[in-house]
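Written below as structure tokens is the structure these notes are about.
Every number here is computed from the coordinates shown, using simple stated rules; none is lab data. No experiment lies behind these values; they were computed from the predicted model shown. Every residue, glycine as well, gets a Cβ built from its backbone with ideal geometry; the counts of neighbours run over all protein chains shown.
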Amino acid sequence: RLEKKVVSWSEIFNCDTYFSTVYHQYRSRSIKMTYSDQNTVMEDVLQTLRWFGPYQRIQFFMTMIPVLACALHIMSVIFIGRPVKHQCAAVDSLNLTIQEDGFLRTYDVMKNHSQYNFTVTYRECSIDVNNGNDTIMTTSCVSGYQYEEPADRSFVSQFDLVCQRESLSDVSQTLLAFGMMFGAFGFTALSDRFGRKPMYMLSHFCLFIVAIATAFSPNVTIFFLLRFLIGAFQQGVGLTSNIMLVELLPKARRSLNSQVGCFGWSASLMILCLIAYLTRNISWHYTELIFAACSAYVLFQWWITDESIRWLVTNERHKEVERILRKAAKANNVDFQTVMSVLNRGRRPATMVSVTITSKSISEDDQITLSTDGQITEKNDTNFGVLNGDVSTTRIKPADDMRLSAFVKNKRVFMVTAISCYMWFTDSVTYYGLLMTSSSLADSPYMGFFLSVLAEMPSNVVFTVCVDRIGRKRCLVIFHILSSLSLLTTTVLSNLPAAGSVPGINVIILCITLLGKFAVSTSFSVLWLYTAELFPTNLRNTGFGVASLAARIGGMVAPYSRTFSRHLPWGPGAVFTTLCIIVPVLMRFLPETAGQELPQTLEDFEKLFERKDKPNMQKMETK
């Protein structure tokens with residue numbers, strides 16, 4: 001029957017040349033899901049499985065706890081690289097040349113064999129030679145430095161990153177940020193192509209190994225290189241795990257990831273502070289090993305954590321989908337056949353035959369569709385499929401439409417990416433810029449850091465309450481406006497001469513500054529959820545990674561706000577205010593995602609812009 005059909009094709013095309021037909025059975029009576037059904041079916045599958053049964057709880061926990069490792073490695077430099085009080089080390093001899101009676105005479109100041117009363121003062125970065133009250137010579141620390149604490153308490157003191165080399169102590173964090181930029185784009189793009197689980201496991205295992213190696217860094221060069229790698233692998237872990245969590249939950253519960261993640265991040269920073277405080281009297285090498293040990297569970301995580309079902313469905317990995325669903329159904333005590341019947345909704349049995357046609361009468365750009373009666377109905381593709389005896393076109397790899405080229409070719413994808421990058425940069429540079437002042441909250445750096453983190457807890461509560469009730473867009477608009485107003489008020493009060501006479505002005509400025517940090521922390525939390533919901537499945541991790549890359553740039557720029565403020569005190573506040581106030585304007589061009597299914601394809605992505613901005617609260621109700 002097929003051979004007769006091929007002959008009829010030859011007659012239709014009026015081809016005298018040789019027709020080469022290559023056909024094979026793709027999957028006998030296989031099931032193929034149409035894209036229009038994937039969103040609805042996946043939501044129903046997740047609900048049928050019990051959206052937060054034992055299986056989901058295990059997956060959620062194992063994918064959420066990396067937030068601890070990520071927080072420890074990002075902020076560890078505050079403690080393992082803390083400044084240590086120091087002065088120039090004592091010298092055995094110090095020659096001083098003086099002109100006397102027209103002759104140059106050299107004296108050893110330390111032996112003081114002269115009529116002069118030389119004294120030596122050891123300062124942080126110089127050695128002063130004094131004659132009475134006059135300083136007659138200043139030299140560098142020729143014999144190194146003497147620290148108030150053992151040198152191995154901080155890598156700053158161990159590698160002598162002080163005085164002329166002081167700027168190198170900040171290079172480690174800059175290189176970490178560069179590594180995070182690399183990992184944000186590289187690993188997320190790879191996870192869109194090859195799967196979430198392989199890239200997550202590779203990144204986490206490498207993070208574990210590199211963190212251990214960092215504790216044994218023999219010199220500052222190796223230490224800097226390893227910090228770059230930590231930044232890259234940390235982003236592979238953090239961003240990929242976040243996407244896995246978003247895709248694990250149904251639409252009405254997707255905010256749970258960000259809600260738990262906000263508290264998890266704050267709690268992780270408190271744990272960092274506690275570990276640093278308890279290990280303050282031992283070598284930083286041991287502290288770094290403790291940080292690395294927090295990722296030790298990765299050695300057995302492969303056999304517990306599963307691939308994202310949404311990613312598998314989108315990429316037509318049917319056998320793996322069925323295997324994971326069987327495992328989940330068993331763990332949740334749900335009938336597997338019931339789950340499969342829901343999954344098969346929107347599918348149709350198909351016997352696919354691929355036929356390749358070569359003809360001089362068809363150009364390479366021509367794409368053809370044939371109907372059952374042998375008529376040409378549409379130019380579509382040169383690969384034909386036979387479905388239950390009917391001839392129609394079938395895209396063999398539908399996911400190929402959603403690769404990196406979509407970020408340039410599709411105007412809306414490009415627009416969403418650009419606006420997301422701006423928002424991530426704004427929140428990052430503002431958040432970390434304000435965090436730089438945390439040491440001024442208390443005399444102890446540990447207490448100051450703890451209080452700064454504690455101030456973020458109210459933002460986590462507000463985020464949990466508001467993100468579903470008023471929607472993602474409104475949250476971002478409200479809290480960016482609040483942040484800009486707070487920062488504007490702080491900038492004016494801090495630089496207004498008349499404000500200095502107001503009683504308690506410092507307390508007022510501190511409270512308003514914390515209010516601004518509260519607002520930007522809340523908006524940052526919303527961004528983690530909102531950005532992941534905007535992009536279609538095969539672009540989601542890449543888009544999320546590009547946005548995070550912009551945040552890393554903000555993280556690199558933020559430390560320089562201190563230098564900027566010394567030259568122009570009102571400068572940083574004015575910049576942060578301007579950046580924040582632009583966000584509400586840009587939000588007009590983005591859709592609301594609360595209560596909507598995660599877009600699987602570009603077509604689903606386009607439909608987000610056709611819906612109203614008001615969150616769909618009815619769709620957010622669960623069964």
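List the pairs from K197/K473; K251/K607; K251/K330; K473/K607; K197/K517 whose alpha-carbon separation is above 25 Å, in the order I gave them. Checking Cα-Cα distances, K197/K473; K197/K517 exceed 25 Å.
Under 5 Å from the amide H of I136 lie the amide H atoms of V129, N130, N131, each residue being 5 or more positions distant or on a separate chain, with H modelled from the backbone and absent for Pro and chain starts. In this simple spin-label approximation, A267 and R588 carry label points 7 Å from Cα along the Cα→Cβ vector, and these lie 4.2 nm apart. The charge dipole of segment 205-330, taken about the Cα centre with unit charges on the Cβ atoms of Lys, Arg (+1) and Asp, Glu (-1), comes to about 380 debye, rounded to the nearest 20.
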